[in-house]
Each structure stands twice: as structure tokens, then as C-alpha cells.
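Comments concern the structure below.
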Amino acid sequence: MADEPAEQELLTLQASSRKKKKPKQDAYLGGVSDRKLKGQLRHTERLYKEANKAAATINQWLAPSEAGFVEAEGIEETWQIQQQQIVAAVEQGAARKAFDLSLPDLGPYRCTYSRAGRHMLLGGEKGHLAVMEWQSGHLTCEVQVKETTRDVTFLHSEQFFAAAQKKYVYIYDKRGLEVHCLRGHAAPEVLEFLPHHFLLSSIGEQGVLHYQDTSTGQVVATHRTRLGPCDVMRQNPHNAVLCCGHANGTVTMWTPNITTPVVKMLCHRGAVKALAVDPTGHQLVTAGVDRQVKVWDIRTFKPLHAYFANSPATSLDISQRGILAVGQGRRLQLWRDCLSSKAAAPYLTHMLPLGGISSLRFCPYEDVLGVGTAGGVSSVLVPGAGEPNFDSFVANPYASIKERREQEVAQLLDKLQPDTIMLDPDTVGKVLKEPVDVAAQRRQEEAAANAARLASQRDKADERAKMKGRNKPTRRQKKKQMNIIEDKKPLLQAKIQEEERARKEVAQEAKRQKLESVPRALHRLYQ
Amino acid sequence: MKVKVLNRNEEEFTRERAQDLKKVHRNYEPALHQFQRAHEYTRALNAAKLQKVFAKPFIAALTHSDGITCLARNPRILNSLLAGSADGDIRIWDIPVQRTLRRLKGHTGAVKGISFAPDGETCVSCSTDCSVRLWKVPFAPLEPGPVEAEEAPVFEFQGRNAFRAIDHHWREHLFATAGAAVEVWSHERSEPVNTFTWGADSVLSVKFNPAESDVFASTGGDRSIALYDLRSARPIRKLVMQTRTNAVAWNPMEAFNFTAASEDCNLYTYDMRKLQAAACVHKDFVSAVMDVDYSPTGREFVAGGYDRSVRIFNFNAGHSREVYHTKRMQRVFCVRFSGDGSYVFSGSDDMNVRVWKADASEQLGVTLPREKHKAAYNKALINRYKHMPEVKRIVRHRHVPVAIHKASKMRRIVQDSDKRKLQRRIQHSAPGAITVKPERKKKIVAELE
């Protein structure tokens with residue numbers, strides 16, 4: 001009997017706690033005490049809300065295209081659908097996007113796309129570099145550099161590309177002419193270009209991560225990883241941090257500002273074979289020699305899922321819409337919705353006819369995956385991979401020459417400084433409130449350091465002033481010279497005197513002889 | 001099997017002819033727009049630097065034959081300015097062309113005040129020769145030919161003492177003069193219609209309220225600011241401060257607010273209804289503030305000081321947003337804002353009226369809508385990131401003459417040490433023994449009715 005009212009109380013308590021608590025309206029104005037500032041912040045917050053609503057409405061109603069998809073009917077599964085079936089089922093314009101370029105002689109190929117997805121860059125390991133507009137089949141340039149080329153990447157536009165050759169990194173322009181040889185990059189194996197910062201980074205056999213600004217040519221940072229040779233490196237598009245996979249199973253993250261890795265994660269038992277980062281910067285996918293493909297949450301650095309395979313995956317890439325491509329030898333698997341939740345089966349599979357997969361890159365804004373294999377380059381259709389609607393001010397595949405030039409200028413004007421690269425990109429512009437005593441102490445330390453530096457400078461200047469004129473090298477030299485002469489002086493003087501005496505005697509003799517030949521009455525004329 | 005692969009039709013995304021508009025597509029997905037904050041910060045930094053590069057506020061100097069004592073702007077015509085000098089010479093200037101249109105000769109003493117009638121065609125001027133003259137101000141800006149012609153006054157009012165200031169009513173044909181007392185005159189009568197006295201034996205300045213036309217304020221030699229209403233027979237309120245107020249300006253957008261330029265290097269904004277405390281204290285001058293005038297927008301005002309500088313303040317800001325100075329500009333006695341709020345005029349002791357831009361880095365002339373948008377965007381960016389140290393350093397940086405720099409440093413040191421001493425006294429005395437008056441009430445001595 002006594003239990004019932006207690007039970008009821010418990011139930012009412014639970015019900016009240018389940019009732020939603022309305023959040024305080026001005027919670028974001030928490031630490032601000034200035035009333036004028038509070039008013040201004042409320043106004044801007046209202047403007048942001050309105051702008052967000054407008055942007056969402058535009059995205060919903062004014063988007064010209066919709067994403068691709070493939071749906072299996074009946075008992076068929078999507079991973080049973082062959083690439084040829086897809087190519088046959090789509091319209092002609094889309095079917096032309098799937099092709100195989102057979103290039104059997106010039107080594108495993110690396111294939112990458114420009115930012116707008118219009119140009120494709122292929123680099124064969126035996127030195128074959130080519131840029132083509134892959135949709136029209138028009139070849140922009142082709143060059144044979146006669147050196148081992150391990151990686152290729154476009155720079156800020158399709159006008160320039162960089163190749164990681166045997167010893168150094170070379171930059172070529174769209175005609176295939178070598179423009180720069182960057183000797184700072186030693187034995188590079190992988191290249192990454194950070195488009196917002198104009199930074200070209202490389203890492204290679206020496207395990208040295210090298211950052212260089214391609215707009216000014218300045219070397220920004222060189223970090224020794226001390227983890228041995230590294231050939232797995234990808235950038236995180238959300239915060240421009242470089243993720244490197246090492247032979248001891250760790251993945252390290254680097255920024256140009258700190259000489260030690262910002263994050264070090266032990267991911268696999270054995271070497272890390274491949275890495276890929278989600279375009280939103282939320283997840284990291286790693287593949288190791290232990291035949292596991294693991295998905296990690298990068299914001300909290302916690303493991304999410306692990307997929308097991310019968311052979312290690314050698315290449316990974318994630319598309320704009322979150323489709324993961326996994327390459328194992330000749331077999332290509334595409335997984336959908338596999339990052340935030342664990343997928344039971346792949347979305348699509350494909351066997352590459354030309355050879356083993358050496359690189360995988362999705363084409364931006366297209367449902368296409370570029371596969372670099374040992375025997376050439378293949379373009380595979382992946383419905384639903386690309387973002388259907390591009391933003392003309394970010395990347396425009398249909399840009400005219402004028403638009404491209406203006407975009408280049410705008411990119412350069414907006415170029416970010418390398419010291420803004422940090423794990424949380426929203427820290428820029430944040431006001432961190434420092435407690436008053438901590439701030440005072442910091443200021444004191446700064447003042448003391450400045451005073452010490454000034455004092456040392458003054459001391460140096462005083463020293464220099466004191467020794468001015470006393471340390472002249474010429475004076476020292478003169479002194480040395482003087483000593484030498486001083487030693488030999490008496491000898492020399494004696495010699496000179498001797499010579500003088502001899503000369504005088506000779507002159508006297510000559511005179512006497514002359515006098516003897518002349519009569520005595522004229523002697524006074526000859527003296 | 002249902003399949004769809006992205007396939008764009010090139011015609012939809014490109015234009016056929018050069019005359020067609022270029023097609024622009026937007027996608028506001030955050031995944032496509034990374035580093036927004038960092039890009040904005042970079043743009044803000046670049047905008048701050050460019051603002052400094054283009055900051056060239058000085059436009060022209062218009063010369064007189066003696067030091068300028070008063071300025072008046074025509075409320076109807078934007079480019080007309082009247083300037084009165086210490087030798088009794090009044091000139092009508094056409095600012096854009098920088099030439100004198102007319103010289104109004106008549107005064108034998110220094111012209112102490114000029115004011116336009118609301119129709120913009122008549123003006124009144126007062127002088128130390130105990131007379132007030134009414135002039136017709138013709139304006140023919142497109143006339144070439146002889147630059148100056150001398151005019152004679154239409155009417156002359158004779159007073160008993162020297163006049164110190166004059167201001168015209170914003171609606172009717174009345175004007176008020178300041179001398180030994182405040183007198184209200186009408187155009188038709190040769191004797192003052194009304195005389196107000198309240199203790200002070202000398203009244204320094206008088207100003208009518210543009211929004212509430214029957215209200216006006218005067219400042220007296222007894223360190224007071226008196227408020228009057230024409231509809232009542234006596235002055236309504238009087239505020240006594242610690243130092244003398246040189247000039248008063250009413251906010252044209254907020255009828256009850258006025259700003260007083262004081263001898264103690266500060267300006268005080270008061271709400272007419274609550275004179276117990278100042279609404280805002282504006283500090284930055286190092287010497288007496290001689291004149292103040294509001295912008296027609298009511299959002300900022302300009303003040304000229306005895307320390308040879310002209311400062312522009314936001315209406316509610318404690319410190320100036322801009323300071324103008326030149327080696328050749330001596331003591332500034334009068335300042336005015338132009339009718340469109342874009343220019344500032346300063347009349348100083350060195351016989352020049354100077355024309356300055358109100359916004360130093362503004363592009364003059366006709367601007368395209370794109371340029372206007374860019375300028376507004378740059379301003380908004382700087383406003384958003386003005387707390388960041390690098391942006392703050394650039395935006396705050398102003399070159400200031402050595403004398404002013406040193407004087408303000410000295411004032412800072414004195415202020416800091418006074419504050420420290422006060423804090424220590426409070427710390428080491430019984431709680432409640434020492435009362436600290438807030439800054440806005442410190443300089444007020446009494447409020448009388």
C-alpha cells in the first residue's frame with residue numbers, strides 16, 4: 001500500500017523531467033556585460049537566422065539538378081549490378097563518361113581531377129604526364145619527363161600542375177613546359193595542394209614534410225616526422241590539416257605551425273596502406289596491412305566502425321556525397337552510408353580490366369570515379385557520388401577564360417595565411433576571455449623578456465663601441481708587419497750603410513783618376 | 001533497375017551570345033564553402049589596410065583675410081556656406097568650385113555669429129560692434145564672370161552691448177542673440193521681442209532645436225546651460241557644471257538630446273528631460289572644445305578644439321572615430337557638418353575654412369552599385385572583426401601631432417594616478433566613507449528650475 005504513492009511520485013517525477021525545458025533565449029550572450037554590444041549581437045544574430053533561412057530556401061527550390069542514384073528491382077541487390085549494365089542503361093551523354101584508357105607501357109598511373117572536375121591529370125610512374133579535358137576527350141598537354149614520377153596534382157587551377165619526380169618536385173604549366181624545379185622537396189612520394197592557402201606539401205622517403213607557398217614561392221615549414229618513409233598523405237578539406245599514415249600503424253596530423261604532430265593516433269596493427277578524409281571533416285577512413293578498414297570520428301578521435309576484408313585495401317577515397325571507394329588489387333568496391341553507420345553490403349563492385357588499382361579519385365560534381373591502374377586509367381560511373389549543384393563562385397566547370405582569370409584573382413586576394421591552419425577552423429575570430437591575473441602575468445613576462453632583450457642589445461652595442469678602432473684587422477696586420485721589420489732592421493740598416501760606403505768609395509776612386517789625368521793648375525775646376 | 005547519372009546540358013550552364021547574361025548558380029551547402037571565417041577575417045584585414053591607404057580626408061582650404069569666427073550652412077542649398085571673420089568680412093562660398101560668390105560687407109567689428117533663415121535666402125549676422133544685420137543671400141552657382149560683388153544689408157538691428165552669438169528659428173522669422181542676455185528678435189521689429197535673463201551677466205552661445213522648434217538652449221559665463229521655451233515667458237531649466245560650456249548642438253533626429261562642448265576638454269550629451277546625469281561623455285580633446293555640430297543623420301557630430309584638431313564622434317561613443325589636423329591649421333573656432341553629411345567644414349584662426357571628408361576613405365563622385373556594395377561590405381567586415389588584434393591595431397592607428405600626443409599621454413598618466421589613489425583611499429578607509437560619483441554626474445554642480 002505504501003509503495004503505490006511512492007510509485008506514483010516516481011512516475012510524476014519522471015514525467016516532469018521528460019517535459020522539455022525551454023532553453024534560455026539569450027544564452028549565447030552569456031559572458032557579455034556591455035549593453036551596447038549585447039544589442040548589436042542580438043541584431044546580428046537575427047540577421048544570421050534570416051540569412052540561413054534564405055539560403056536553405058534557395059537550396060531547396062532553385063537547385064537545377066538532382067543527385068544520381070541506382071535502385072535494384074526485385075530480389076536483385078545493387079552490388080550485383082555490373083558497370084556495363086549501368087553504362088547501357090543511362091543516356092548517351094552519361095555513358096560517354098565511362099571509358100578505359102589503355103596505357104600498358106608507362107607504369108602504374110596516378111589520376112586526379114581539377115577542382116571544378118573539368119580537367120583530368122594522369123601521371124604514369126615511368127614519367128608520362130598528361131592533362132586532358134576528359135568529357136570532350138580533348139588532350140591539353142602530354143609530356144614525357146623521363147624520370148620516375150610518383151605523384152601528380154593540380155595547383156590552384158588547371159593551368160599548372162606539380163609532379164613528384166625522382167629527386168625533386170617540378171611544376172609544369174598547361175602546355176607541359178617545366179616552369180619550376182622545387183629543390184626543397186627531397187625524394188617526394190606524395191603531394192597535396194591546399195587550395196585555400198596556396199600551399200604545396202610533399203612527404204617522401206626521408207619522412208620530411210615540406211610546405212611551400214606556390215603564390216610567393218616561400219618555404220613555409222619543414223617538419224621532420226621521424227617516423228620513417230611515408231607514402232600515404234591526405235588533406236582534411238575542412239581544416240587543411242595533413243594526415244599522414246606511417247609504417248608503424250600510426251596516423252599523424254600536421255599543421256605548418258607546429259613542428260610536432262598535432263594528433264597522433266594508433267590506428268592499425270601494421271602499416272597504414274591508405275587514408276581518406278570525409279569532405280565535411282567529420283570522419284577519417286584508414287586501411288592497414290591487417291586487412292581492416294576502420295572509420296574514425298576525427299572531431300572526438302574515437303573509432304566508429306571497422307570493416308574486415310580478405311586482403312588489405314591499397315587505395316581509398318570518399319566522394320562529395322559520402323560514397324567510399326575501396327581498391328584491393330583489381331577489385332573496386334563502393335560503399336554508401338558506411339561512415340556514420342555501419343553498412344552491411346557494398347553499394348557497387350567492379351573489376352578493373354586494365355590492371356591493379358594504384359590510385360582512386362572521385363571527380364567533383366560528377367558521378368564518376370577516376371581509377372589509376374597498372375595498365376592505364378579507367379573512368380567508372382558511380383551514380384550518386386557527385387554533388388549535383390555547383391556554386392559558380394567556388395568552382396565552375398563551365399567557366400569562360402575571363403571567369404577563370406577573375407576566379408584566380410579572387411582566390412589570391414582571399415588567400416589564407418598558413419598560421420590560420422588549426423584543428424578547429426572556427427577558432428579564427430573567436431574571443432577567448434583570459435582571467436585578469438593570467439593576463440597580467442603574461443604581460444609581466446613579456447615586459448621582462450623585452451627588457452632583457454633590450455639590455456642585451458645595449459650591452460652588445462656598448463661592447464662594440466668600446467672596441468671600435470682597436471680591433472681593426474689592418475692594425476693587427478700592421479703590427480705584425482712592424483715586428484718583422486723591427487727584427488731585420490739592424491741587419492738591413494747595416495747593409496744599406498755598407499752599400500753607401502761602397503758607392504762613396506767608388507765615386508772617390510773615379511774622381512781621383514780623373515784628377516790625375518788633368519794638369520794640376522785646373523784641379524780646382526774638377527773638385 | 002533504375003539508374004540516373006548526373007549529366008548536365010551545357011546549354012543550360014553557358015550563354016549563347018556575348019549579349020546574354022552570364023549564368024550564375026549558387027549552392028549554400030557548408031561543405032562547399034569551407035574556411036568561411038578565415039576568408040572573412042582575411043578580407044577584413046585587407047579592407048582595413050585599404051581603408052588606411054585611401055584615407056585622404058582633406059579636400060580644400062578657402063582663404064579669408066582674417067581669422068574665421070563663425071560658419072553657417074544653407075539649409076536649402078547643399079553647396080553654399082557662409083563664413084564670417086574677425087575683420088567683419090562675411091563671404092558666401094560655393095564649395096565644389098571653391099570660389100567666393102559674394103562678400104557681405106557692413107560689419108565694423110568681428111562677426112561673432114551667422115545664421116540662415118529656414119528659407120535659405122535670408123541670413124542674420126551679429127558682431128562685436130553691437131549690431132545685427134539681416135542680409136538677402138542670393139545664390140547663382142552657374143554664373144561665371146566676376147567672382148565677388150559687395151552687398152549691403154537689408155536691415156540693421158542696433159543693440160546695447162556687443163553680441164556673442166546668434167541663431168535663427170527653424171520655422172518662423174525669429175532669431176535669438178546672445179550678449180549680455182538672451183534676446184529674441186523678429187524680422188519686422190527693431191527692438192527685441194523677448195529678453196531672458198537668469199543670473200549670468202554674459203551669454204556665450206545660443207542654439208535653436210531643429211526638431212522641436214520652439215525650444216532653444218544657451219550657455220552662460222556662469223558655467224551654466226539654460227533651456228528656454230518660446231511659448232513660456234521664463235527660462236525652463238538651468239544646468240550648472242564645473243566648467244564653462246562653449247557651444248551647444250541639438251541632435252536633429254532626437255529632439256530632446258543635445259551635446260555641450262565644454263572648456264574641460266570633454267563633450268557632454270544630455271537628455272533635456274533628465275538633466276541629473278549626462279547620457280554620454282565624449283573624451284579625446286586635450287584642450288577646450290570650441291564648437292560642435294551634428295550631422296543631419298543625427299548619428300555623429302563634429303567638434304573643433306583649441307588644440308588645433310577637428311574630431312568626429314559617433315553620437316553614443318565615448319571616444320572619437322576620426323581626428324583631422326594639419327600643420328597649418330591653428331585654433332579651430334567653428335565647425336559645421338554639410339547638409340548631406342558627407343563633408344565637414346572647419347573655420348580656424350589661420351584665416352582658412354577647410355573642407356574635409358566626413359568618412360576619410362570614402363570614394364567621392366559617382367559610384368557604381370557594385371562599388372557601393374563593396375564599400376558597404378568592407379565596412380561591415382571591419383566592424384565585425386574590429387576586436388581582432390591585427391585589425392584593431394590598423395583601424396585604431398592615427399597620426400596625431402606631437403603636442404596632442406604628449407598632452408593626451410600626460411592626461412592619461414594623471415587620470416590613472418588619480419584613479420589609483422582613489423581606489424587606495426577607498427580600500428583603506430571605512431566602507432561607505434568615500435562615495436564615488438559616476439563619470440556622467442561628476443561635472444554637474446546643480447540643476448535649477
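The values are calculated or read from the model by the stated rules, or taken from the named source; none is laboratory data. Just so it is clear, the structure is predicted and the values come from calculations on it, not from any experiment. Every residue, glycine among them, receives a Cβ derived from its backbone with ideal geometry; neighbour counts consider all protein chains shown. Accessible surface is based on the protein model in full, side chains and every heavy atom, while ligands, DNA and RNA are left aside. Shrake-Rupley method; radii C 1.70, N 1.55, O 1.52, S 1.80 Å.
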(request) Enumerate the calculated ³J(HN,Hα) couplings along segment B:72-80 in order (Karplus 6.51 cos²θ - 1.76 cosθ + 1.60, θ = phi - 60°), each rounded to whole Hz, writing x wherever the residue is Gly or Pro. (result) 8, 10, 6, x, 9, 10, 5, 9, 9
(message) Could you compute how much accessible area chains A and B hide from each other, both sides summed, with a 1.4 Å probe? Nearest 100 Å² is fine.
(response) 4500 Å²
(request) Could you please state, rounded to a whole Å, how far the C-alpha centre of segment A:214-285 is from the C-alpha centre of segment B:1-42? (result) 31 Å
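To the nearest 500 deg cm²/dmol, what mean residue ellipticity at 222 nm is calculated for chain B from DSSP H runs of n ≥ 4 alone, each contributing -39,500 (n - 2.57), summed and divided by the residues?
Details: 6 runs with 76 residues, N = 449.
Helix contribution divided over all residues of chain B: -5500 deg cm²/dmol.
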(request) For A:A27 and A:H138, calculate 0.36 nm times their separation in residues minus their Cα-Cα distance, and state this gained length in nm to one decimal. (result) 34.2 nm
(message) What percentages make up the Cα-Cα pair-distance distribution of segment B:39-103 when the bins are 10 Å wide from 0?
(response) 18, 35, 16, 17, 12, 2
(request) Name the residues of segment A:277-292, by number, that are at least 10 Å² less accessible with every protein chain in place than in the isolated chain; the surface is that of heavy atoms, probe 1.4 Å, without ligands or nucleic acids. (result) A:P279, A:T280
(message) Give me a comma-separated list of calculated 3J(HN,Hα) values for segment A:461-468, in order, Karplus coefficients 6.51, -1.76, 1.60 applied at θ = phi - 60°, integers in Hz, x for any Gly or Pro.
(response) 5, 4, 4, 4, 5, 4, 8, 5
(message) What is the sum of charges, Lys and Arg at +1 and Asp and Glu at -1, for the other residues whose Cβ falls under 14 Å from the Cβ of A:H156?
(response) -2
(message) Restricting to DSSP H runs of at least four residues, report the calculated mean residue ellipticity at 222 nm for chain A, -39500 (n - 2.57) per run over all residues, nearest 500 deg cm²/dmol.
(response) -9500 deg cm²/dmol
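What value does chain A have for Rg/Rh, both radii from Cα atoms and Rh as Kirkwood defines it? Show your work: numbers first, answer last.
Details: Rg = 38.8 Å, Rh = 29.3 Å.
Looking at chain A, the ratio lands at 1.32.
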(request) Return P(r) of segment A:391-496 (all Cα-Cα pairs; 10 Å bins starting at 0; whole %; ordered from short to long distances). (result) 10, 13, 14, 13, 13, 14, 10, 7, 5, 1
(request) Summarise the long-distance tail of P(r) for chain B by giving the % of C-alpha pairs beyond 36 Å. (result) 37 percent
(request) Enter the angle in degrees (range 0 to 90, nearest 10) between the Cα long axis of helix A:3-18 and the first principal axis of the Cα atoms of chain A, meaning the one along which they spread out most. (result) 50 degrees
(request) Return the distance in nm (one decimal) between the two label points of a simple spin-label model at A:K146 and B:R15, each offset 7 Å from Cα along Cα→Cβ. (result) 4.8 nm
(message) Straight-line reach from B:K357: which lysines fall under 24 Å, measuring Cα to Cα and dropping same-chain residues less than 8 apart?
(response) B:K49, B:K52, B:K56, B:K283, B:K327, B:K372, B:K374, B:K379, B:K386, B:K392
(message) Over 10 Å intervals from 0, what percent of Cα-Cα pairs in segment A:358-426 sits in each interval?
(response) 17, 27, 35, 21, 0
(request) Please list the non-local residues whose amide H lies under 5 Å from the amide H of B:N257, H modeled 1.01 Å from N, same-chain partners needing a gap of 5 or more. (result) B:N251, B:M272
(message) Using the Kirkwood radius over C-alpha pairs as Rh, can you work out the diffusion coefficient of the protein assembly as shown via Stokes-Einstein at 37 °C, viscosity 0.692 mPa s, in µm² per second?
(response) 90 µm²/s
(message) With every protein chain kept in place and ligands, DNA and RNA left out, what is the accessible area per residue of segment B:231-325? Probe 1.4 Å, answer in Å².
(response) 33 Å²
(message) Quick check: Cα centre of segment A:291-359 to Cα centre of segment B:387-437, how many Å?
(response) 63 Å
(message) What whole-number distance in Å separates the alpha-carbon centres of segment A:73-150 and segment A:381-400?
(response) 17 Å
(message) Compute accessible area for segment A:207-249 by itself and then with all protein chains, 1.4 Å probe, and report residues whose area falls by 20 Å² or more.
(response) A:P237, A:H238
(message) With angles folded into 0 to 90 degrees, how steeply does helix B:36-53 sit against the dominant principal axis of chain B? Use alpha carbons for both and round to 10.
(response) 40 degrees
(request) Report, by chain and number, residues whose modeled amide H sits under 5 Å from the one on B:K112, excluding near sequence neighbours (fewer than 5 apart, same chain). (result) B:C126, B:S127, B:T128
(message) Between 0 and 90 degrees, rounded to the nearest ten: what's the tilt of helix B:402-427 against the longest Cα principal axis of chain B?
(response) 90 degrees
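Using a probe of 1.4 angstrom, how much of the accessible area of the protein assembly as shown is carbon and sulfur, in percent? Display every interim value, and only then the final one.
On the way: 27740 of 53400 Å².
The value for the protein assembly as shown is 52 percent carbon and sulfur by accessible area.
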(message) I want to verify the translational diffusion coefficient of segment A:311-388 in µm²/s; compute it with Stokes-Einstein, Rh as the Kirkwood radius over Cα pairs, at 4 °C and 1.567 mPa s.
(response) 105 µm²/s
(request) Please work out the average accessible area per residue across segment A:245-391, using the 1.4 Å probe convention, and give it in Å². (result) 34 Å²
(request) Anything losing 30 Å² or more of accessible area from the isolated chain to the full protein assembly: pick those residues out of segment A:319-368, probe 1.4 Å, ligands and DNA/RNA ignored. (result) A:Y365, A:D367
